[in-house]
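Each remark here refers to the structure printed beneath this line.
The values are calculated or read from the model by the stated rules, or taken from the named source; none is laboratory data. As the structure is a prediction and not an experimental result, all values here were calculated from the model. Counting neighbours? That spans all protein chains shown, and the Cβs are built from the backbone with ideal geometry, glycine included.
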Amino acid sequence: MSVDHRVIVANAFRIFGVLLGLPAAVVLIKLVVDFATLHSAPPVQPAHHLDVGTYGIVALLSYGAQGMGALLGFLGTLAVFAAVLIGIAAALALGFAILLYFTSRGIGRGQSWARVTAILISIFFLLSWIGALFAVQRDFIAVACGGVALSLYALWVLGWKYAPPVARTGT
C-alpha cells in the first residue's frame, strides 16, 4: 500500500484553512452586526449648563455626570478603535484561510502554482515556528517542535518528493 504524501499535505492545508477560517468568519460577522447595531443608536443630546449659584449641588452633579460621560465616550472610542483592528485582523485571517483552502485543492490536483504557494507558506511557517522555539516556555517547546516538523515535512513533500522532473538538455 503506497502512501500519497501530497494528499496528506493537501488535507493538512485544508484542515488548517478551515480551523483558521471559521473563527475568523464568526468574529468578522459578529463585529459587522455589532457595528450595525451601534450605529443605529440615536445621537446623544448635549446637556444644558446649570448655574452652580442657582442650582447648587444639582449643578455639580450634572457637571460630574457630564465629565463621566465624556470619559466613557473616550473609552468607547478606544473600544471602537480596538474592534476595528480586530476586524482587520479577522479579515486578513479569513483571507489567509481561503488561500490555504484553495492551495490545498491545487496541491491535490497537482497544480504548480499551488505547489509554489504552499512552499512559500511552509517556509513562512517554518521560520515562525523556529522563532517560537526561542520565545515559548519549556512547557510548550513540544508544540513548537511539532510545528517545525510539520513545516519540514510539507517542504519535503512539495519541494523534493513531488518536484517536477528537471528537463535535461543535450550537449
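Within region 103-117, the set of residues being surrounded by fewer than 15 Cβ atoms within 10 Å (Cβ to Cβ), of a type outside the set (D, E, K, R) and either without any contact (Cβ under 8 Å) to a residue 24 or more places away in the chain or touching a His at 6+ places or on another chain (Cβ under 8 Å) (or both) comprises GLN111, TRP113, VAL116. Looking across region 50-90, the residues that are without any contact (Cβ under 8 Å) to a residue 12 or more places away in the chain and outside any helix (DSSP H, G or I) come down to ASP51, GLY56. Does any residue of region 65-84 turn out to be small (Gly, Ala, Ser) and at pLDDT 90 or above? The answer is yes; a qualifying residue exists.
With respect to the conditions (1) closer than 15 Å to VAL157 by Cα; (2) in a helix (DSSP H, G or I), GLY110 falls short on a single one, namely (2).
Okay, residues lined up against (1) in the same structural domain as ALA25 (by TED's automatic domain parsing); (2) touching a His at 6+ places or on another chain (Cβ under 6 Å); (3) closer than 30 Å to ILE29 by Cα:
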| position | (1), (2), (3) |
| --- | --- |
| LEU71 | yes, no, yes |
| GLY76 | yes, no, yes |
| ALA79 | yes, no, yes |
| ALA83 | yes, no, yes |
| ALA93 | yes, no, yes |
| ILE119 | no, no, no |
| VAL157 | no, yes, no |
